[in-house]
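Read the structure below first, then the notes.
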Amino acid sequence: MKKSIKVLTVFLIILIVLAGIIVYAFYNQYQNISENPMAAFDAGDKTAEVNLASDHIESQTVQNTDDITYNGTEYTRNKDVVNILLLGIDWDETRTGMGWRSDMNMLCTVDFAANKMTLTSIPRDTRANVYRLDQDGSITSQGLDKINAAYSYGLGPKKYGPQNAMRCISEFLSIDGQYFVPIDYYISIDLAGVPKFASVLDGIKLVLDVNFPGIGNKGDTVVLDEENSRAYLENRKEVGGELVRVSHEQQYLIAVAKKIKDKGAVASAPSLYAAFLKFMHTNLSLDQVVAFAQVLDNISIDDLTIQTIGGDFDYINSLSYYSADMNDVESKIVDLMYTPGSSAS
């Protein structure tokens, strides 16, 4: 059965930006957050306030909070960094019996001190330890599986799907707890919201990097409408495989963001926000939405760092998995989460 990435990071990021614009427009009391965005995320030790059983998915995972040494250099944790997991959920009303899978997983790492944002794609077939949960959020079993199954094994958006995805991806990126990669926040968007951005924005213009059946040839400048946007985002078998499709997510992200900037973010905000509010799920507060939007407002689209975890595909027990290059994971995590120089005296 054809598996497709149904949604894109672009929708998630833009939705937050639009929410931030609306908040700016109607909530003057958020002025202090615009001056110190990190304050919205400085909530202290959240786990200390809740008594959770050790087998509950929201219990604190064990990761290294100390300074580290990498390739002979000492590093200290960057405490100005916040991670937000962006999820594209493979679900619509016609597929209720098949569960939910996060076929797009992207870690958005925001450095509030440096006004820097990095988007790190984790391919959906990445082989990692994944938990299965019961209705109460307790872990019933675990094992190596595709990372996109974590959302489904957490029983979807109304149970612990996001929490399971956050924990499994956090533990995967921390490399068995060697590093500190906290993921406390998420945004997800469902399949039904995908094609409508092209309609609201009067088409998405981009240059094809491959020959694309039904759309055009390599080098063509095309304007994607609601119908062929869906094809552009889903097709992998005829265009070069899963990693090519991941790159198309990233290209579409840039094209949509530029289109909104050209049309005027404030002018576009009401229609886009209203159209997609019902497809979005998040645990970000309004304060945190504003803080995130503040960073986006201060950086150029061209300054966004977009990267993908390195690796290759393998067949294991007749199933295709993406085997991550853990040296590449380590290098990227050190760059994202640490700064050179020990804090120890």
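Any read-out appearing in this document is the output of simple, stated calculations on the displayed coordinates, not a laboratory observation. Predicted, not measured: the structure shown is a model, and the values here were computed from it. Glycine gets a Cβ as well: all are built from the backbone with ideal geometry, and neighbour counts include every protein chain shown.
What nm distance separates the two modelled labels at ASN115 and VAL207, each placed 7 Å from Cα along Cα→Cβ?
2.9
Quick one: check the C-alpha center-to-center distance for the range 119-164 versus the range 281-330, whole angstrom.
If you average the Cα positions of each part, the centres end up 16 Å apart.
Search the structure for amide H atoms under 5 Å from the amide H of TYR186, placed 1.01 Å from N in the peptide plane, and list their residues when 5 or more places away or on another chain.
LEU85, ASN283, LEU284
Please list, short to long, the whole-number percent of alpha-carbon pairs of the range 108-260 in consecutive 10 angstrom bins beginning at zero.
Here the calculated profile for the range 108-260 is 10, 31, 31, 23, 6, 0.
Looking only at the range 141-166, which residues have a backbone nitrogen under 16 Å from a spot 7 Å from the Cα of ALA53 in the C-beta direction?
Of the residues in the range 141-166, 141-142, 160 have backbone N under 16 Å from the label point off ALA53.
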